[in-house]
Amino acid sequence: MKNMKWALMLAVALPAFGFAQQNYTLQGTVGKLNKPAKAYLRLNYEGKERIDSVEMKNGTFEFKGSIPSPMEAHLRIIHDNAPFDPAKPPKQDIFGFLIEGTTIKFVSADSIKNAKISGSPLNAENDKVTALLKPIYDQYEVLNTEYKSKSLADQQDPIFIKSLEDRAQLIQQATIDAKMDYVAKNPKSYMALMAFNSTLPPDFNAIKAEEVFLKLDPSLQNSILGQDLAKRIALVKKTSEGVEAQDFTQPDTDGKPVKLSDYRGKYVLIDFWASWCAPCRRENPNLVKSYAKYQKDGFEILGVSMDKAADKAKWLKAIQDDGLTWKQVGDLKGWENEAGVMYDVKAIPMNFLVDPNGKIIAKELRGSKLDEKLAEIFGK
């Protein structure tokens, strides 16, 4: 490991805005570029990528259009029409910014990535918030500098690495705290929406997130990003601890239908896995151990395969090889498995522990965590 990279959760800042259709004009000057140089504008919303392009004339370009709400956008300049050479790929000349319903100007002497932007309150506010967060982000560089200053032996020392990871987590938490403080104080600011969105990891507390989201101004909730975030919260909420597990029916290895609700009255672990998934196969011995220990107390496992139909034989062989004696089901649609989609399974192994009343009480119980949870439940 030559370099240690810390993930930065960057936020952008936007003031409150009405979200009727907004007309924009982008005017740029980049040196004295002319044909064949071209400028490209890329937007991505409502599940579609939208790309527009214009030829450069005396270093200038202009785009006009409309958007349903402020959003992220990218400008790219292709400086010539030389054929692509993989041995000498061209340098990327890209500028990311926030587009809004106004006239925004970009000026640079050589490339769009070095452009100065004006005429945009959103981007001006973004610069202010970036400057506000910079002292926190700079702490990551302190860690990187410390890491690079160590000998190779020290860099590989688990105790040293753990200390860096612990400090990085504190920096990450400080970043989240700063953003959430802004959210609480600026519920009408588009920044609040974007900052809040940037603090949510893939698996977050959807119930608490919904509470924060509903305190934001309705105009923010109805923006493109707001609608996307509302859908994301609703999806995660469906599999949050404390909610009723969604029922589903899948065929078992003999083609007979099995319902999750068939397990009412017992603790059941819904285990999403696949024969080709190495981490799943490594986890199976832990499941075998826990099942043997707690089945007589009322614990069951329902395995749900994320295999495809073409791999059915491999699935059946994996069940046999790994000694999985509990019920196995699967519609053999791979990642499109209907139960997997219902439970928003994006990675495996993934599991959900459901209580006798049909409520999710825990998830992602891997390694010793499952045995510890079952010991807590059954008092062993």
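The values are calculated or read from the model by the stated rules, or taken from the named source; none is laboratory data. Every value quoted in this text rests on a predicted model; they were computed, and no experiment measured them. Here the Cβ positions follow ideal geometry from the backbone for every residue, glycine too, while neighbour counts run over all protein chains shown. To get the accessible areas, we keep the full protein, side chains included, count just its heavy atoms, and leave off ligands, DNA and RNA. Shrake-Rupley method; radii C 1.70, N 1.55, O 1.52, S 1.80 Å.
For the stretch 91-112, taking the residues that are over 26 Å from Ile224 (Cα atoms) and open to solvent by 80 Å² or more (accessible area, probe 1.4 Å), the one that is modelled with the lowest pLDDT is identified as Lys91.
Residue-level check: of (1) closer than 30 Å to Asp331 by Cα; (2) open to solvent by less than 50 Å² (accessible area, probe 1.4 Å); (3) more than 19 Å from the chain's Cα centre (by Cα), Leu216 misses just (1).
Determine, yes or no, whether Val236 is assigned to a helix (DSSP H, G or I), crowded, with 18+ Cβ neighbours inside 10 Å and in contact with a Lys or Arg (Cβ under 9 Å, 6 or more places away or on another chain). Criteria not met by Val236. Of the set (1) of a type outside the set (Asp, Glu); (2) modelled with pLDDT of 90 or more; (3) closer than 30 Å to Ser219 by Cβ, all apply to Leu14 but (2). Looking across the stretch 138-191, the residues that are of a type in the set (Phe, Trp, Tyr) and under 30 Å from Pro218 (Cβ atoms) come down to Tyr182, Tyr190. Within the stretch 132-142, at least one residue is in contact (Cβ under 8 Å) with a residue 24 or more places away in the chain, open to solvent by 80 Å² or more (accessible area, probe 1.4 Å) and either aliphatic (A, V, I, L, M) or not in a helix (DSSP H, G or I) (or both).
What do you reckon, is Lys188 open to solvent by 30 Å² or more (accessible area, probe 1.4 Å), modelled with pLDDT of 95 or more, closer than 30 Å to Ala174 by Cβ and not in a helix (DSSP H, G or I)? Against the criterion (open to solvent by 30 Å² or more (accessible area, probe 1.4 Å), modelled with pLDDT of 95 or more, closer than 30 Å to Ala174 by Cβ and not in a helix (DSSP H, G or I)), Lys188 does not qualify. Answer with yes or no whether Ala178 is open to solvent by 20 Å² or more (accessible area, probe 1.4 Å), more than 23 Å from Gly47 (Cβ to Cβ) and not in a loop (DSSP other than H, G, I, E, B). Judged against the criteria, Ala178 is a match.
Apart from one condition, Leu75 fits all of (1) surrounded by fewer than 15 Cβ atoms within 10 Å (Cβ to Cβ); (2) over 16 Å from Asn23 (Cα atoms); the exception is (1).
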